[in-house]
1. Quick check on my filter: what residues within segment 124-171 are under 22 Å from S54 (Cβ atoms) and among the acidic types (D, E)?
2. Evaluate segment 88-106: report whether one residue or more is touching a Gly at 6+ places or on another chain (Cβ under 7 Å), under 19 Å from N135 (Cβ atoms) and of a type in the set (F, W, Y).
3. Looking at G113 and the list (1) closer than 23 Å to V41 by Cβ; (2) part of a loop (DSSP other than H, G, I, E, B); (3) not polar (S, T, N, Q), which single condition is not satisfied?
4. Out of segment 57-76, which residues are assigned to a loop (DSSP other than H, G, I, E, B) and surrounded by 12 or more Cβ atoms within 10 Å (Cβ to Cβ)?
5. Can you find, within segment 136-171, the residue that is surrounded by the fewest Cβ atoms within 10 Å (Cβ to Cβ) among those that are outside any loop (DSSP other than H, G, I, E, B) and among the β-branched types (V, I, T)?
6. Take K159 and tell me if it is within 15 Å of the chain's Cα centre (by Cα) and over 23 Å from H67 (Cβ atoms).
7. Determine, yes or no, whether T108 is without any contact (Cβ under 8 Å) to a residue 24 or more places away in the chain, of a type outside the set (G, A, S) and surrounded by fewer than 18 Cβ atoms within 10 Å (Cβ to Cβ).
8. Cβ-Cβ below 6 Å, separation at least six or inter-chain, first residue in segment 149-171 and in contact (Cβ under 8 Å) with a residue 40 or more places away in the chain, second of a type in the set (G, A, S): which pairs?
Amino acid sequence: MTSAIDKEFNMKILYLYLVEKNILKSMQNISKISSQETFTVRHPVLRMGKPIESCSFEGDDLETTTHFGLFLKESIIGVVSLFEATNKLFPQKKQFQIRGMAVLKEHTKQGFGKALLLHCEKYSINQDANLIWFNARTEATGFYEKMGYQKTGTPFDIKDVGEHYLMFKLV
């Protein structure tokens, strides 16, 4: 019987092989999805232990909101939602807000979050936006800073979610 450590090791070896042979990129795809489809990742990553209804965000179903799912083979493993929303702290005319960005735990630290973020940036530029902003959980700010986003202001608490920073990037 194979132990959990052996399985994890074998998965890492497989992952490295797929990356080396450039097979992994051909197996991943980012596509538009519905707001309800985001729940498969939002719930276990962002709303664990809360009712599934807590995965629905105000503005999810507006025409100006776009949801993206990152598929590995045929399974959604990451999601992000892009809201056309203006934050008055920034002078840029057309802005997008990222909400509900999440990658399933077993797929973190493999470049999937980066792929989703870059996809949002490209989409925003194609929509003539000049700025992306969002409220980032404190523990995720390092990832966003590596991607060129900046914190502004002081940390603040979002009830039942935790401490956040306002972050932004000109695109």
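Nothing in this text is a laboratory measurement; each read-out follows from the coordinates by a stated rule. Just so it is clear, the structure is predicted and the values come from calculations on it, not from any experiment. Methodologically, a virtual Cβ is constructed for each residue, glycine included, from the backbone with ideal geometry; neighbour enumeration extends over all protein chains shown.
1. If the condition is that a residue be under 22 Å from S54 (Cβ atoms) and among the acidic types (D, E), then E139, D157, D160, E163 are the ones that fit.
2. no
3. (2)
4. As a first pass, look at segment 57-76 and keep what is assigned to a loop (DSSP other than H, G, I, E, B): 57-64, 73-74.
Residues satisfying the conditions are F57, G59, D60, D61, L62.
5. Step one: filter segment 136-171 for residues outside any loop (DSSP other than H, G, I, E, B), giving 136-146, 150-158, 162-170.
Retained after the next criterion (residues that are among the β-branched types (V, I, T)): 138, 141, 152, 154, 158.
On the way: T138: 13, T141: 18, T152: 13, T154: 7, I158: 10.
Once the filter is applied, the top-ranked residue is T154.
6. Numbers: within 15 Å of the chain's Cα centre (by Cα): no; over 23 Å from H67 (Cβ atoms): yes.
Against the criterion (within 15 Å of the chain's Cα centre (by Cα) and over 23 Å from H67 (Cβ atoms)), K159 does not qualify.
7. Working: without any contact (Cβ under 8 Å) to a residue 24 or more places away in the chain: yes; of a type outside the set (G, A, S): yes; surrounded by fewer than 18 Cβ atoms within 10 Å (Cβ to Cβ): yes.
Yes; evaluated as a whole, the condition is true for this residue.
8. From residues that are in contact (Cβ under 8 Å) with a residue 40 or more places away in the chain, the pairs are L166/G153; K169/G148; V171/S124.
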